[in-house]
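Working notes for the structure below.
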Amino acid sequence: MTRFFRDRTRGYHSPALTAEDVRDHLDRIRDGTDSFIPADPGVEMAHLLRSTTQHP
């Protein structure tokens, strides 16, 4: 048995994202502490847009 679902984590945002950023922040990217399952694409996009303004 398995459970497959798509959720969003807080992740990591950088305007000048590099492969090294991903490597260095992988734990933060994968951290599911505040993850959620968006109800629809609009909710997901709103969350994405909000999160890019909240992360330095």
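Readers should treat all values here as calculations from the given coordinates under stated rules, not as data from a laboratory. Bear in mind that the values here come from a model prediction, so they are computed numbers and not experimental data. For neighbour counting, all protein chains shown are included, and Cβ atoms are generated from backbone atoms with ideal geometry for every residue, glycine included.
Ellipticity at 222 nm from helices only: DSSP H runs of n ≥ 4 in the chain, each -39500 (n - 2.57), divided by the residue count, give -12000 deg cm²/dmol. Once Cα extents along the principal axes in Å is calculated for the structure shown, the corresponding label among [x] 35, 28, 17; [y] 33, 27, 17; [z] 46, 15, 9 turns out to be [x]. Each Lys or Arg adds one and each Asp or Glu subtracts one; over the other residues with Cβ under 12 Å from the Cβ of Glu44, this totals +1.
Here the residues Phe36, Phe5, ranked from fewest to most Cβ neighbours within 10 Å of their Cβ, fall in the order Phe5, Phe36.
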